[in-house]
1. What's the ranking of A:283-290, B:19-26 by average number of surrounding C-beta atoms within 10 Å, highest first?
2. A:Leu303 label points, 7 Å along Cα→Cβ, one per copy: pairwise distances from this copy to the rest in nm, shortest first?
3. If the limit is 25 Å between Cα atoms, which of B:Lys99/B:Lys297; A:Lys97/B:Lys297; A:Lys94/A:Lys129 go over it?
4. Assuming R0 = 35 Å, what is the FRET efficiency of B:Lys76 and A:Lys76, from their Cβ-Cβ distance, to the nearest 0.05?
5. Given the DSSP H assignment, sum -39500 (n - 2.57) over each helix run of at least 4 residues in chain A and divide by its residue total; what's the result at 222 nm in deg cm²/dmol, nearest 500?
6. Name the residues whose placed amide hydrogens come within less than 5 Å of the amide hydrogen of B:Val154, ignoring near sequence neighbours (fewer than 5 apart) on the same chain.
7. Name the aspartates and glutamates eligible as straight-distance cross-link partners of B:Lys198: C-alpha to C-alpha under 19 Å, and not fewer than 8 places from it in the same chain.
8. Give the long-range amide H neighbours of B:Gln173: residues separated by 5 or more places, or on another chain, with amide H under 5 Å away, using H modelled in the peptide plane at 1.01 Å from N.
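The values are calculated or read from the model by the stated rules, or taken from the named source; none is laboratory data. This structure is a prediction, so every number in the text was calculated from the model and none was measured. Because the Cβ atoms are built from the backbone with ideal geometry, glycine has one as well, and the counts that use them run over all protein chains shown. Accessible surface areas use protein heavy atoms only, side chains included; no ligands, DNA or RNA. Shrake-Rupley method; radii C 1.70, N 1.55, O 1.52, S 1.80 Å.
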There are 2 protein chains.
Amino acid sequence: MNLKDEVIISEVCPRDGFQSLADIIPTEEKVEWINAMIDCGFKQIEVTSFVHPKAIPQLRDAGEVLQKINRKQGVKLRALVPNLRGLERAIEAKVDKVKLMLSATDSHSISNANSKTFDAMKGFEPLVKRATEASMAVSGSISVIFGCPYEGDVPLERIEEICKRYIDMGIYQLSLADTTGMANPVKIKRIIGHISNKFPELSFSLHLHNTRGMAFANAVAGYEMGVRDFDSAIAGLGGCPYAPNATGNIASEDLIHGFEEMGILTGVDLDKVIKLGKELEIKYPQYSDSFILKAGKCSDLHLAPKTQEKLG
Amino acid sequence: MNLKDEVIISEVCPRDGFQSLADIIPTEEKVEWINAMIDCGFKQIEVTSFVHPKAIPQLRDAGEVLQKINRKQGVKLRALVPNLRGLERAIEAKVDKVKLMLSATDSHSISNANSKTFDAMKGFEPLVKRATEASMAVSGSISVIFGCPYEGDVPLERIEEICKRYIDMGIYQLSLADTTGMANPVKIKRIIGHISNKFPELSFSLHLHNTRGMAFANAVAGYEMGVRDFDSAIAGLGGCPYAPNATGNIASEDLIHGFEEMGILTGVDLDKVIKLGKELEIKYPQYSDSFILKAGKCSDLHLAPKTQEKLG
């Protein structure tokens, strides 16, 4: 493992975390949270999604949030866009980058976007054309690529075809999402290895859920395959949609702490992230899920007690 | 990674899990739990610890438990022994193997065993002599080897010296314990790589805690270094002594599920483990901590819904 190599941690709490909360967060409060995240040193933040306000009421203030936050040089603001209307709003809001959402399987795609995978991709064409006109950076995504909760494993040929069509559209940055935590290190290496070999022009980021306790192992496997861009959410906000109490997004503080312990730099101020995570946890205890918020960092040493119970 | 390679999962719930419960479990109930674990197909079970009843009242019925459980060929029953008196009880109870507990650092050793590391090792000598006389298999352990909550990193030279003294006593099987979850994959590889090279006559097992979300990644790192023996506890019973709500032992169902998903066989019946884990979780909800009990297996597919909220 190449130590001292740096990774980018993309903070997705404002989009993926907040959209999972039942209560609407007031715009001003959202702006404060995002400003605090910018202050942590994240180089990329998924700020919002320009969906129809009725689809996700939590994110109906997307444009206003983007207008009010304190932008900072070197911090890229990303937003999801599901359609041309959303893209126009994103262009108007001057985000740095838009991301297209796609599911690897038809059943997941239908349930999420009301159309089959390749039909959804056809719908991307006018968006990519318009984004190019507006000089807006576009990245793609492949949800449930490491396993679909309805169909299980996704055939490699299908993944190849999705990658090929993204390339045909001129999209070279893909977020590979383990949407319901079905990946494992062998699968991560097999799939990323396969599509990296086949399409060396593509670059990948990983969006990992800790649903089955393997997110950090999967991050390490991705790192070993050359991935240097990872999504995570402060305090682990953003759940798993299939099991009410199951873990969702890997917590930013867990991912950053783990990488830094391994000697992999993130450029993010872990102590600020932990402080912010604690504030989010106090405010939204039922949604937060984080190891480091509970246990502290490895470097937080304890005073040796005089007497103490036997340990395992 | 060599697929289809098999690992041994050593179930430690009856010792490490039960000893962390506040309420005393009746002997008959303990026997039932352990019989159910034997029926799951674990090849090794850490059944109890022959400590003084006052030190850990939960395990005061160690001898009786061992007398009453249904032993099965191929299932090794292991017990901890802290001293000669405990060893005599273990010999009388006809366990298959005894394990010596040792801390890598003086501060942890003093707080756990009331003596410094190398003083504690001196105390092992009469135990090893007596065990050899009784043809009892003995293994050693090194707690906090991947980080001590009082001292931080343990110097490699100190770890070497501990290994050397174990070898001098004729002990070649060592359990490396990440007692408070301070390991990471790089540290696992560095330390195991170092002592494997230096002492090829030693074999290692890993006892991992998921305190900071890295247990499975650490298991994979250990596997890649040749380790084929891993401790875990059904339902994740057995906590972290420093942070009240923090995670302790990696859950057996999480470890088995993860390995099997990677194509690494365990020989354990995962469905039986999950069923038993659910029963333990119902009985001891405040102590259980398991991903698979919450989220189910990757292979538990869902029915695709007609309409559904947008996912991350």
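1. The most tightly packed comes first, giving A:283-290, B:19-26.
2. Between copies, matching label points for A:Leu303 lie 5.9 nm apart.
3. Numbers: B:Lys99/B:Lys297 33 Å; A:Lys97/B:Lys297 36 Å; A:Lys94/A:Lys129 17 Å.
From B:Lys99/B:Lys297; A:Lys97/B:Lys297; A:Lys94/A:Lys129, over 25 Å: B:Lys99/B:Lys297; A:Lys97/B:Lys297.
4. Numbers: r = 55 Å, r/R0 = 1.57.
Once rounded, the FRET efficiency stands at 0.05.
5. Details: 11 runs with 122 residues, N = 312.
It comes out at -12000 deg cm²/dmol, rounded to the nearest 500.
6. So B:Val154 has HN proximity to B:Gly147, B:Cys148.
7. Correct list for B:Lys198: B:Glu157, B:Glu160, B:Glu161, B:Asp168, B:Glu224.
8. B:Gly140, B:Ser203
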